[in-house]
Amino acid sequence: MGFHYLTNITLEQAKKDYLELMIKNGFCAGTERIPVQQSCGRITAEAVYANINAPHYTASAMDGIALSAKDSFGATETTPIVLRPEQFTVVDTGDPIPEHCDAVIMVEDIVNRDDGSVSIHAATAPWKHIRQIGEDICAGEMVLPGSMEITPSAIGAMIAGGVLKVKVIRKPVIGIIPTGDEIIPPCEDPRPGDILEFNSSIFSAMVTQWGACPKIYPIVPDKFDNIKAMVEQAVDECDMVLLNAGSSAGREDYSINVIRALGEVLYHGIAIKPGKPAILGCRGAVPILGVPGYPVSGIIVIEELLRPLVEYWLRDSGEAKHYVEAVLTRQVVSGLKYQEFVRVRMGYVGERLMASPLARGSGVVSSFMKADGILEISQGTEGYEAGEIVRVRLLNSELRLKNTLMVIGSHDPLLDELADMLHATDHSLFMSSSHVGSMGGIMALRRGEAHAAGCHLLDTENGKYNKSFIRRYFPDGGVKLIRCVGRQQGLMLQKGNPLGITCFADLTGEGIRYVNRQKGSGTRILMDYLCRENGVKAGSIYGYDREEMTHNSVAVQIASGSADVGMGIYSAAKLYGLEFVPICIEEYDILIPDTVWETPMAQKFIEILKSDGFKNRILAMGGYTIDAPGEIIPID
């Protein structure tokens with residue numbers, strides 16, 4: 001007779017009953033008192049009150065002079081007042097204020113005179129630029145309520161209030177016991193039949209993210225007494241225990257009998273797929289969760305059944321699951337008996353969110369790594385057809401996904417500045433840039449994978465930038481070439497130029513180590529063009545095949561001493577204090593598809609490109625020229 005699980009309880013009922021059982025058995029969090037400096041991210045066990053005032057003395061809020069405010073009355077630009085040395089005290093920010101003083105005038109607002117006196121050209125008000133006792137925190141005041149996460153700023157507030165130790169919820173210790181005769185520790189040369197044990201590493205990382213402390217035990221062979229002894233030890237040492245593998249019905253699946261021998265089993269068998277063999281057990285107030293051996297099954301089981309226990313312990317209400325509707329790209333067939341979890345990759349194509357099912361095997365752990373969402377197929381549902389609208393639980397933020405301008409292509413630090421300005425201008429908008437080179441950016445736009453691309457491709461036949469490539473790869477149009485900046489390209493050299501490099505031909509010199517950009521980047525195309533123009537064979541340049549993905553990474557290699565020279569932009573050389581030999585001014589432009597052009601994100605991007613704020617930032621970086629950024633460049 002085939003094996004039948006004792007139960008096929010629904011997931012929601014199992015969660016509810018398991019937590020209720022554990023609370024009834026006395027499952028609750030412990031506390032500990034730790035140094036405040038070590039408390040970031042921890043949860044307060046009780047309200048925290050200040051022991052002292054902050055500041056605890058009257059302090060200067062500025063560098064300048066402390067004085068009696070009345071001595072400044074009447075001072076104006078046309079009738080300055082001269083203060084004698086005995087009328088003021090020089091103070092720095094944070095210095096105590098002398099008893100006879102009640103104001104501070106900033107150092108930039110005074111004029112020092114040769115005789116030691118100072119003149120002031122404006123009156124100050126009493127207590128101007130002075131931090132009074134208790135201005136920030138008063139002794140006895142509540143700094144943090146209980147059951148709150150401690151942030152870095154909260155650490156500062158507690159220390160300012162004289163609190164040096166804080167009572168927090170102790171992190172739960174979760175024992176992870178791997179079992180099996182066939183599994184071995186991770187190695188590079190497993191033999192046929194050996195199975196690398198990585199589940200414990202996955203589970204350890206997951207519970208660490210939730211705020212718990214994993215404790216991984218040695219691999220236990222498939223023998224009842226050995227497993228029982230290890231579980232008994234783990235129950236004594238941990239707050240929760242995961243018994244990995246052996247929860248099913250094979251010849252050596254001892255988990256159910258071990259848990260029964262040590263405590264009690266609430267359910268064996270949950271109506272989910274993958275993950276149906278899960279065992280919900282305990283010994284007193286210590287949960288013992290029997291987890292299937294297949295990694296995807298295990299991930300789902302501990303996410304759905306262990307995480308609620310960890311959140312209860314840590315007084316965490318948990319993050320609400322976020323669902324969206326998406327178009328299914330392939331048919332998904334499911335059995336009627338279980339609630340099934342199907343991993344999907346997701347992305348926007350125009351206005352439609354698409355969901356493509358990934359491999360569904362319980363052992364295909366890489367599918368979880370690639371997944372953007374989970375398609376939950378309800379118990380009693382046969383599945384869904386391709387093209388059907390389905391409900392998907394997001395693993396990544398849909399809102400941020402919708403509001404992120406994706407820029408792929410050539411690297412330039414100005415992209416970081418643009419991203420900062422875009423988000424500062426509208427906090428709902430984001431920008432991410434991937435540095436794959438100019439050609440990589442063009443191909444990404446052709447495939448519909450990005451909203452914009454940075455490019456600076458030199459046509460070596462006519463010495464012009466970008467236009468011929470746009471005509472070649474977008475013969476039917478469909479994209480706009482947007483003027484951005486001119487930028488100074490040249491050779492970045494170690495500070496002081498110890499090797500005396502003065503021109504391109506010097507790169508072939510004895511002992512000179514070059515660092516290059518990746519194939520397809522505009523800088524690499526320029527480099528190869530210069531090699532031909534100067535009669536330099538690439539193979540004669542030591543390090544020609546050493547590639548970095550950004551101008552900054554090239555500059556870092558030179559600044560750190562692992563290379564002597566590399567091609568790059570002036571702003572990167574300036575950032576790292578390198579010498580620079582100018583070679584040319586190139587055009588760095590932005591490509592935007594017509595389908596994206598009218599979107600609010602793209603228009604806000606163009607608005608920022610045209611702004612004085614952008615121009616000021618870029619010119620301050622050095623090595624750039626500005627000529628009508630944001631304007632459309634005619635392709636023909």
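The values are calculated or read from the model by the stated rules, or taken from the named source; none is laboratory data. All values derive from a computational prediction rather than experimental measurement. Note: ideal-geometry Cβ built from the backbone for every residue, glycine included; neighbour counts use all protein chains shown. Calculation scope for accessible area: heavy atoms of the full protein, side chains included, ligands and nucleic acids excluded. Shrake-Rupley method; radii C 1.70, N 1.55, O 1.52, S 1.80 Å.
Observations
- Residue in the stretch 85-108 that is in contact with a helix residue (DSSP H, G or I) (Cβ under 6 Å, 6 or more places away or on another chain) and among the hydroxyl-bearing types (Ser, Thr, Tyr) present: no
- When residues of the stretch 112-158 are limited to those that are more than 38 Å from the chain's Cα centre (by Cα), among the polar types (S, T, N, Q) and part of a loop (DSSP other than H, G, I, E, B), the one farthest from Thr31 (Cα to Cα): Ser117
- Annotation note: Cβ proximity below 7 Å between a residue of the stretch 405-422 that is farther than 14 Å from Gln489 by Cα and a residue that is at pLDDT 85 or above and open to solvent by 30 Å² or more (accessible area, probe 1.4 Å) (sequence gap 6+ or interchain) occurs for Glu417/Arg617; Met421/Gly613; Leu422/Lys604.
- Of all residues in the stretch 321-331, those satisfying the criterion of being at pLDDT 80 or above and part of a strand (DSSP E or B) are Tyr323, Val324, Glu325, Ala326, Leu328.
- Asp71, sole failed condition from (1) of a type in the set (D, E, K, R); (2) free of Cβ contacts under 8 Å to residues at least 60 places away in the same chain; (3) out of contact with any helix residue (DSSP H, G or I) (no Cβ under 9 Å at 6 or more places or on another chain); (4) open to solvent by less than 70 Å² (accessible area, probe 1.4 Å): (3)
- Top-ranked residue of the stretch 198-234 - restricted to ones that are free of Cβ contacts under 8 Å to residues at least 60 places away in the same chain, aliphatic (A, V, I, L, M) and not in a loop (DSSP other than H, G, I, E, B), ranked as surrounded by the most Cβ atoms within 10 Å (Cβ to Cβ): Val231
- Looking only at the stretch 5-20, and only at residues there that are of a type in the set (A, V, I, L, M, F, W, C) and open to solvent by 30 Å² or more (accessible area, probe 1.4 Å), the one that is farthest from Lys167 (Cα to Cα): Leu6
- Lone qualifier among Ile590, Ile606 - being assigned to a helix (DSSP H, G or I) and either among the aromatic types (Phe, Trp, Tyr) or within 29 Å of the chain's Cα centre (by Cα) (or both): Ile606
- The test for being touching a Gly at 6+ places or on another chain (Cβ under 6 Å), under 28 Å from Asp136 (Cα atoms) and open to solvent by 70 Å² or more (accessible area, probe 1.4 Å) holds for Val107.
- Residue selected from the stretch 562-575 under the condition open to solvent by 30 Å² or more (accessible area, probe 1.4 Å) and at pLDDT below 90, by the criterion nearest to Glu547 (Cα to Cα): Ser562
- Matching residues, the stretch 510-539, being small (Gly, Ala, Ser), in a loop (DSSP other than H, G, I, E, B) and open to solvent by 20 Å² or more (accessible area, probe 1.4 Å): Gly511, Gly520, Gly535
- Residue within the stretch 169-180 that is in a strand (DSSP E or B), touching a Cys at 6+ places or on another chain (Cβ under 7 Å) and open to solvent by 10 Å² or more (accessible area, probe 1.4 Å) present: yes
- Residue list for the stretch 74-101, restricted to those being farther than 16 Å from His129 by Cβ and over 53 Å from the mean Cα position of the chain (by Cα): Gly74, Thr78, Thr79, Pro80, Ile81, Val82, Arg84, Pro85, Glu86, Gln87
- 1 or more residues within 26 Å of Pro634 (Cα to Cα) and open to solvent by 20 Å² or more (accessible area, probe 1.4 Å): qualifying strands (runs of 3 or more DSSP E) within the stretch 420-506: 430-435, 479-493
- Restricting Leu591, Leu578 to those that are more than 22 Å from Asp459 (Cα to Cα) and either of a type in the set (Asp, Glu) or open to solvent by less than 40 Å² (accessible area, probe 1.4 Å) (or both) reduces the list to Leu578.
- Filter result for the condition that a residue is at pLDDT below 80 and more than 25 Å from the chain's Cα centre (by Cα), over Gly347, Gly380: Gly380
- Residue check, Thr78 assigned to a strand (DSSP E or B) and hydroxyl-bearing (Ser, Thr, Tyr): no
- The listed residue being modelled with pLDDT of 80 or more and either open to solvent by 40 Å² or more (accessible area, probe 1.4 Å) or touching a Ser or Thr at 6+ places or on another chain (Cβ under 7 Å) (or both), out of Ser356, Ser362, Ser334: Ser334
- Odd one out for Ser153 among (1) touching a strand residue (DSSP E or B) at 6+ places or on another chain (Cβ under 9 Å); (2) open to solvent by 70 Å² or more (accessible area, probe 1.4 Å): (1)
- Filter result (within 14 Å of Ala154 (Cβ to Cβ) and loosely packed, with under 14 Cβ neighbours inside 10 Å) within the stretch 38-57: Gln38, Cys40, Gly41, Ala47
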